[in-house]
Amino acid sequence: TAHVFYEDFATDLINALKNLSGISKVYLTTPSMQIKQSLEEYLSKSNFAYEIRITPNVGRNFGPLFVEYSADLQKETSFIHVHSKQSLHSPEFGLEWLSRNTNLLLTKEGTERIRRLSASDPEIGLVFVDSSDLLYGSNFRWGRSRALARRVSANLPGFEKIKWSGRLSFPAGGMFWVRTDAIRPLLEVDWDYGMFPPEQGQRDGTLQHALERLVGQIPLSRNFRQAVYLKQLDRFKFVEPED
């Protein structure tokens with residue numbers, strides 16, 4: 001799945017897809033008819049099954065992902081989610097972060113590495129790149145997002161064992177590979193765009209920031225392991241479920 005807000009990312013995505021295999025279907029969202037047409041021009045001539053939906057600019061990548069495709073993704077065994085991240089408040093961080101993610105999630109070498117890793121260990125539920133060297137440590141806590149996360153998950157099955165305090169391990173910025181069963185409770189929520197705030201360039205404290213953290217915490221609460229890619233060491237570290 002991919003949310004394409006910026007047109008240059010559409011070109012990068014098309015180039016990446018040409019080199020990838022083992023994809024059952026490509027699920028895409030974009031707020032731009034022009035981008036939709038660019039993507040369709042390539043995909044209509046490819047061997048990929050695909051769907052592209054025009055979406056409002058609400059909820060950043062998570063609004064379109066969950067509102068549009070939650071039901072479809074429940075039928076998949078696993079999926080990769082990427083988007084055209086640009087941290088306008090910190091361009092250097094945004095470029096380095098995007099490079100790390102696309103090298104792992106949108107290259108033949110990276111996706112085959114994930115495929116081998118996940119096939120060898122069915123307890124691995126989430127794979128993402130480490131960004132702890134790019135962000136302040138305070139970013140890896142619930143902060144102002146905790147109340148929103150608890151509100152969304154209140155009284156719903158599958159959220160009972162979430163860790164609500166302490167340092168968190170999650171895909172900051174929202175790109176990842178996930179085993180569908182690892183986050184199934186999130187996909188079963190009745191999502192709609194009205195749950196998300198208007199886009200105002202918020203840097204914290206919105207539902208989309210809460211969802212970043214939930215994507216990390218739900219697999220752990222369901223006894224799945226995380227595999228976190230460390231670029232500097234070119235290896236994965238593993239985060240285990242807590243007892």
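The values are calculated or read from the model by the stated rules, or taken from the named source; none is laboratory data. Note that the structure is predicted; figures quoted are calculated from it, not measured. Every residue, glycine as well, gets a Cβ built from its backbone with ideal geometry; the counts of neighbours run over all protein chains shown. Please note that ligands, DNA and RNA were not included when accessible areas were found on the heavy atoms of the full protein model with its side chains. Shrake-Rupley method; radii C 1.70, N 1.55, O 1.52, S 1.80 Å.
With a 1.4 Å probe and all protein chains in place, put 68, 242, 188 in order of accessible area, largest first. Before the final figure, lay out each step's value.
Numbers: 68 40, 242 125, 188 105 Å².
So the residues, ranked largest to smallest area, are 242, 188, 68.
Rounded to the nearest 20 debye, the dipole magnitude of the chain is 420 debye, with +1 charges on Lys and Arg beta carbons, -1 on Asp and Glu beta carbons, and the Cα centre as origin.
Taking a ≥ b ≥ c as the square roots of the eigenvalues of the Cα gyration tensor, an a/c ratio of 1.5 or more together with a/b no larger than b/c marks region 145-240 as oblate. Its DSSP H runs of at least 4 residues, each contributing -39,500 (n - 2.57), put the calculated 222 nm mean residue ellipticity of the chain at -11000 deg cm²/dmol, to the nearest 500. Ligands, DNA and RNA left out, the accessible area of the chain computed with a 1.4 Å probe is 47% carbon and sulfur. Within the same chain, lysines fewer than 8 places from residue 75 are excluded, and of the rest, those with a Cα less than 22 Å from its Cα are 25. Neighbours of residue 169, meaning other residues whose beta-carbon lies under 13 angstrom from its beta-carbon, give a summed charge of +2 when Lys and Arg score +1 and Asp and Glu score -1. Its relative contact order, with pairs defined as Cα atoms under 8 Å and 6+ residues apart, puts region 131-243 at 31 percent. In straight-distance terms, cross-link reach from residue 231 covers every one of the lysines whose alpha-carbon lies under 22 Å from its own, apart from those fewer than eight places away in the same chain; here that gives 85, 108.
When the Cα positions of 97, 143, 63 are compared along the charge dipole of region 60-195, 143 comes out farthest toward the positive end, with charges on each C-beta of Lys, Arg, Asp and Glu.
Magnitude of the charge dipole for region 168-229, about its Cα centre and with charges confined to Cβ atoms of Lys, Arg (+1) and Asp, Glu (-1), is about 360 debye.
Once you wrap a convex hull around the alpha carbon atoms of region 91-170, what is its projected area averaged over all directions, in nm²? Averaged projected area of region 91-170's Cα convex hull equals 7.2 nm².
Modelled spin labels at residue 54 and residue 119, positioned 7 Å past Cα toward Cβ, are 4.1 nm from each other. Under the shape rule built on the C-alpha gyration tensor, where the axes satisfy a ≥ b ≥ c, region 1-131 is rounded, since a/c falls short of 1.5. Could you check which residue among 128, 176, 196 shows the biggest mean-square fluctuation in a GNM of the chain with a 10 Å Cα cutoff? Residue with maximal mean-square fluctuation among 128, 176, 196: 196. One chain, two ends: residue 132 and residue 40. Fully extended at 0.36 nm per residue, the span grows by 29.5 nm beyond their Cα-Cα distance.
Ordered from highest to lowest accessible area with the whole protein assembly present and a 1.4 Å probe, 228, 152 read as 152, 228. With N counted as the residues of the chain, its alpha-carbon radius of gyration over 2.2 N^0.38 Å works out to 0.95. Rounded if a/c is under 1.5, else prolate if a/b beats b/c, else oblate: with a ≥ b ≥ c from the C-alpha gyration tensor eigenvalues square-rooted, which is region 18-72? Note, shape of region 18-72 comes out oblate. Within the straight-line cut-off of under 22 Å between alpha carbons, the lysines reachable from residue 163 are 237, sequence neighbours fewer than 8 places apart in one chain being disregarded.
As an exercise, use a Förster radius of 35 Å and the Cβ-Cβ distance of residue 23 and residue 237 to find the FRET efficiency, rounded to the nearest 0.05. Don't jump to the answer; show the numbers that get you there.
Numbers: r = 27 Å, r/R0 = 0.77.
Efficiency, from the Cβ-Cβ distance: 0.85.
Applying both filters, DSSP loop and at most 12 other Cβ atoms within 10 Å, to the trypsin sites (Lys or Arg not before Pro) of region 1-64 gives 18, 45. Of the peptides 96-103, 110-117, 215-222, the ranking by mean beta-carbon count within 10 Å, highest at the top, reads 215-222, 96-103, 110-117.
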